[in-house]
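J.: Take this structure, written in structure tokens, and hold onto it; I'll ask about it next.
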Ligand SMILES: Cc1cc2nc3c(=O)[nH]c(=O)nc-3n(C[C@H](O)[C@H](O)[C@H](O)COP(=O)(O)O)c2cc1C
Ligand SMILES: [Mn+2]
């Protein structure tokens, strides 16, 4: 089935029981947020709110669009798999492989004259983002967040690079939003250039559209990559774009809601706090850039998708961490490193990368870890666990076993002070360092030291290693004859 917009994706979710329609009246004020949080906690379906207090019928919101699934037969990442047109049972490893395969052939977008996102156009006095049922998500949030599963589109003033990224957007008033645009991120780097010229930065925010769009917006692709071409590659067909009304930018034709405007240079307003991806109501409110809205366009009966960051497992892990692992893997392979797999475990909130690699020479784990930190997708990883190819990095049981048996508690752990980190939000940093993202890194070397004599390295006591091949085969062949079931009960 071709997925041309968020609505097609919802049909697909419905087919696989990965969305719950909620017709009972719910409140945008914390209730939708609380329901969505329970969805992540239980692995329940995404929540489609169809009847929102104070809003006309047809104005809907979708919580946990790529939330974790615990449905029998589905993988934890079922909704990410479905967004990519894969089976809901697709494992993390298969999704990562499929993602990288499709990405090999980028597909540029096509420009069309008009599209559903132009069904309604607001300007001037009519501008009011609160026309949409924007949730106050967590208790303690500094405001209602319209941008939590969306795309911020900006253009590099020095090249043809158009960056698509997901950066939270808080409502200040009907036509003003607060933006978290760290300098470490592409949008922050582009905004710095506009500020240096003392010019406003044109910006378009697209909400809704094909599910690959938010997916490519929240994964850390290298600079000068036009994320729209990656979205096309993932979808297997070009993304259709339409021109904005008031800025020289293009947006997905099937977006549910589009906000056009500019981010003013050198102006700041208090933004935050917000329940965040690492599982905490992180940071205090702090002065941040503002976006002035010049036009709003939207589809009839618009659907506002939103993510509810907080404790795992939410979109920050099902989408970001999963694809981040694939991206790090691809970058390490480009360097010619003999890496076999990379995974960012969901409860590591993207802060941990497990890398399995062959070990050609002494201190190789350090080389691998520093290579991870040098990549764009590895920028906000702090815990690098290096294991050998016999360990499946997507299997946390095997990873913990490798740490506790092969990583020397003192000599196998290498601390790296002052690594760059995400500003404002990092819970483990003291207040001063937290504000600027002066972080640190640590390497857990779970590989056998190359200089040890081979006889000092114990054989792993597994079925495959310690019994003769012919006996292994006999046991496998006779398994059901012994009276066992083929697969253990789950
Ligand atoms: C729901 C959600 C919200 C996010 N909010 C922010 C944010 O406010 N600021 C930010 O810098 N990154 C945020 N991120 C992470 C970025 O989207 C991600 O690092 C992405 O790679 C940024 O795009 P870029 O690489 O083109 O800069 C968020 C991710 C998700 C999944
Ligand atoms: Mn980018």
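The values are calculated or read from the model by the stated rules, or taken from the named source; none is laboratory data. These numbers were taken from a predicted model, which means no experiment stands behind them. Counting neighbours? That spans all protein chains shown, and the Cβs are built from the backbone with ideal geometry, glycine included.
J.: Please give the number of the condition residue 219 fails out of (1) in contact with a strand residue (DSSP E or B) (Cβ under 9 Å, 6 or more places away or on another chain); (2) within 14 Å of ligand 1 (Cβ to nearest atom); (3) part of a loop (DSSP other than H, G, I, E, B).
T.: Of the numbered conditions (1) in contact with a strand residue (DSSP E or B) (Cβ under 9 Å, 6 or more places away or on another chain); (2) within 14 Å of ligand 1 (Cβ to nearest atom); (3) part of a loop (DSSP other than H, G, I, E, B), the odd one out for residue 219 is (1).
J.: For a quick check of your reading: which helices (runs of 4 or more DSSP H) sit entirely within region 335-445 and have at least 3 residues that are touching a strand residue (DSSP E or B) at 6+ places or on another chain (Cβ under 8 Å) and buried (at least 16 other Cβ atoms within 10 Å of the Cβ)?
T.: Working: elements: 364-374, 396-406, 431-436.
Result: 364-374, 396-406.
J.: Would a scan of region 175-186 turn up a residue that is within 16 Å of ligand 1 (Cβ to nearest atom), without any contact (Cβ under 8 Å) to a residue 40 or more places away in the chain and either surrounded by 14 or more Cβ atoms within 10 Å (Cβ to Cβ) or within 23 Å of residue 245 (Cβ to Cβ) (or both)?
T.: yes
J.: Next question. Conditions: (1) surrounded by fewer than 21 Cβ atoms within 10 Å (Cβ to Cβ); (2) at pLDDT 95 or above; (3) part of a loop (DSSP other than H, G, I, E, B). Residue 189 meets all but one. Number of the miss?
T.: The single condition residue 189 does not satisfy is (3).
J.: Out of (1) more than 13 Å from ligand 1 (Cβ to nearest atom); (2) within 25 Å of residue 131 (Cα to Cα); (3) surrounded by fewer than 23 Cβ atoms within 10 Å (Cβ to Cβ), the odd one out for residue 273 is which?
T.: The number of the failed condition is (1).
Table: residues versus (1) under 18 Å from residue 311 (Cβ atoms); (2) modelled with pLDDT under 95; (3) in contact with a helix residue (DSSP H, G or I) (Cβ under 8 Å, 6 or more places away or on another chain); (4) not in a strand (DSSP E or B).
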residue	(1), (2), (3), (4)
3	no, no, yes, yes
9	no, no, yes, yes
14	no, no, no, yes
24	no, no, no, yes
33	yes, no, no, yes
38	yes, no, no, yes
41	yes, no, no, yes
44	yes, no, yes, yes
47	yes, no, yes, no
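Conditions (1) away from ligand 1 (no atom under 13 Å from the Cβ); (2) within 18 Å of the chain's Cα centre (by Cα); (3) at pLDDT 95 or above, marked per residue:
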{"position": "224", "(1), (2), (3)": "no, no, yes"}
{"position": "234", "(1), (2), (3)": "yes, yes, yes"}
{"position": "238", "(1), (2), (3)": "yes, no, yes"}
{"position": "251", "(1), (2), (3)": "yes, no, yes"}
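J.: Within region 324-332, does at least one residue satisfy the condition of being outside any loop (DSSP other than H, G, I, E, B), at pLDDT below 95 and either more than 16 Å from ligand 2 (Cβ to nearest atom) or at positive phi (or both)?
T.: Taking every residue of region 324-332 in turn, none turns out to be outside any loop (DSSP other than H, G, I, E, B), at pLDDT below 95 and either more than 16 Å from ligand 2 (Cβ to nearest atom) or at positive phi (or both).
J.: Filter region 69-91 for residues that are surrounded by 17 or more Cβ atoms within 10 Å (Cβ to Cβ), in a loop (DSSP other than H, G, I, E, B) and in contact (Cβ under 8 Å) with a residue 60 or more places away in the chain and give the result.
T.: Hits for region 69-91 are 76, 77, 84, 85, 88.
J.: Quick check, is residue 226 within 16 Å of ligand 2 (Cβ to nearest atom), surrounded by fewer than 22 Cβ atoms within 10 Å (Cβ to Cβ), at negative phi and touching a residue at least 12 places away in the same chain (Cβ under 8 Å)?
T.: Details: within 16 Å of ligand 2 (Cβ to nearest atom): yes; surrounded by fewer than 22 Cβ atoms within 10 Å (Cβ to Cβ): yes; at negative phi: yes; touching a residue at least 12 places away in the same chain (Cβ under 8 Å): yes.
Spelling it out, residue 226 is indeed within 16 Å of ligand 2 (Cβ to nearest atom), surrounded by fewer than 22 Cβ atoms within 10 Å (Cβ to Cβ), at negative phi and touching a residue at least 12 places away in the same chain (Cβ under 8 Å).
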